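A short write-up of the structure that comes next.
A short reminder: the numbers here are calculations on the coordinates, not readings from a lab. Note that the coordinates shown come from a computational prediction; the quantities given were computed from them, not determined experimentally. Quick reminder, even Gly has a Cβ in these numbers, built from the backbone with ideal geometry, and neighbours come from all protein chains shown.
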Amino acid sequence: MSDSSRDNLFANPLGQVPGFVFDESVVDVFPDMISRSVPGYETILAYTGELADRYVQPNTHCYDLGCSLGASTLAMSQRINGRNAKIIAVDNSDAMLKKCALILASTPDTGAVELVNGDICDIEINNASLVVMNFTLQFVPLEQRANLLEKIYQGLNPGGCLIISEKLSFEPESLNALLSELHHGFKRAQGYSDLEISQKRDSIENVLVPETLDSHIQRLRACGFQSTSPWFQCFNFCSLVAIK
């Protein structure tokens with residue numbers, strides 16, 4: 001890996017740490033950042049593809065909400081060729097979408113993918129057999145999350161699948177602290193320094209707002225999902241599946 005693609009954004013003292021944004025500096029190092037920051041990320045991507053293979057129906061839509069550089073889109077597309085299913089990949093970062101377009105263009109057999117620059121809360125969901133939000137909902141304002149999930153539920157076809165991957169908070173605080181410490185240990189093992197971990201935490205605070213697993217499940221059930229469960233968890237990161 002070249003130095004330019006390695007995540008060194010928080011390696012030097014920054015004084016007043018700015019709030020985290022998905023700008024060009026993040027785009028340049030994003031694959032390295034997420035793989036070294038999210039335990040189990042590759043597993044979640046692999047099984048996003050597996051779930052696509054199981055749930056995507058011919059002539060339907062798949063949505064990758066908060067697609068970033070298109071990793072989930074690629075995981076889906078590699079498993080649903082020949083079904084005439086269209087993937088709609090949405091992000092509100094112009095820098096992310098420009099790089100995503102280049103990645104998709106250089107990848108063979110990606111199928112029909114439409115890139116949409118927009119707020120996922122404003123996107124229409126229809127004829128969907130699969131909706132994916134991998135580490136996206138945590139960046140949506142709390143007061144907008146229920147309406148977004150309700151819209152997704154209404155846009156899913158019967159038997160359709162929703163995947164939500166999130167960083168979680170825990171109660172009591174002693175458990176939350178333990179799992180956070182284990183996560184920080186994971187990041188140290190990936191080569192991040194204590195300074196990088198501390199400054200990244202300050203940058204992401206109030207930008208990424210985690211919730212408890214119970215909060216996620218209760219909200220999904222309130223929308224109408226009766227079948228919902230975590231399928232993967234490592235430390236304070238979890239992926240859930242909900243079936244309409």
Give me the dipole magnitude in Debye, nearest 20, for the chain about the Cα centre, with unit charges on the beta carbon: positive for Lys and Arg, negative for Asp and Glu. 680
Using modelled amide H (1.01 Å from N, peptide plane; none on Pro or chain starts), what sits under 5 Å from the amide H of C67, excluding residues fewer than 5 places away? V90, D91
Neighbour net charge for N92 - beta-carbon separation under 10 angstrom, K R +1, D E -1: -4
Using the alpha-carbon atoms, what tilt in degrees (0 to 90, nearest 10) does helix 173-189 show relative to the longest principal axis of the chain? 80
Which value in nm describes the separation of the simple spin-label points at D94 and S198, placed 7 Å from the Cα toward the beta carbon? 3.6
Tabulate in residue order the Karplus-calculated ³J(HN,Hα) for the stretch 112-127, using 6.51 cos²θ - 1.76 cosθ + 1.60 with θ = phi - 60°, rounded to whole Hz; enter x for Gly and Pro. 7, 10, 10, 8, 10, 8, x, 7, 5, 6, 9, 7, 6, 10, 8, 6
In terms of modelled amide H atoms, which long-range or inter-chain residues lie less than 5 Å from the amide H of L168? F237, C238
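To the nearest 0.05, what FRET efficiency results for E205 and S5 with a Förster distance of 22 Å applied to their C-beta separation?
Numbers: r = 26 Å, r/R0 = 1.18.
Step by step, r from the Cβ atoms, then E = 0.25.
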For the chain, what is the percent of antiparallel DSSP beta bridges, rounded to the nearest 5? 40
Note, ³J(HN,Hα) from phi for the stretch 15-26, Karplus 6.51, -1.76, 1.60, rounded to Hz, x at Gly and Pro: x, 7, 6, x, x, 6, 9, 8, 9, 4, 5, 6
Can you list residues from other chains, or at least 5 along the same chain, whose modelled amide H is less than 5 Å from the amide H of V131? Y63, C161, L162, I163
Exposure proxy order (Cβ contacts within 10 Å, fewest to most) of D7, D94: D94, D7
Any idea what angle helix 41-55 forms with the longest principal axis of the chain, computed on alpha-carbon atoms, 0 to 90 degrees, nearest 10? 10
Kindly list the residues of the stretch 220-235 that lie in the label zone of L213, defined by a backbone N under 16 Å from the point 7 Å along the Cα-to-C-beta vector. 220-221, 228-235
Would you kindly derive the ³J(HN,Hα) couplings of the stretch 201-217 from the backbone phi angles with the Karplus curve 6.51 cos²θ - 1.76 cosθ + 1.60 (θ = phi - 60°), listing them in order in whole Hz, with x for Gly and Pro? 4, 5, 5, 8, 4, 6, 9, 9, 10, x, 10, 6, 4, 4, 4, 5, 5
I'd like the distance between the alpha-carbon centres of the stretch 209-244 and the stretch 134-200, rounded to an integer number of Å. 11
Calculate, for V21 and C121, the FRET efficiency according to 1/(1 + (r/R0)^6) with r their C-beta to C-beta distance and R0 22 Å; round to the nearest 0.05. 0.80
Tell me the label only: which of [x] 52, 37, 37; [y] 50, 42, 35; [z] 51, 44, 28 is Cα extents along the principal axes in Å as calculated from this structure? [z]
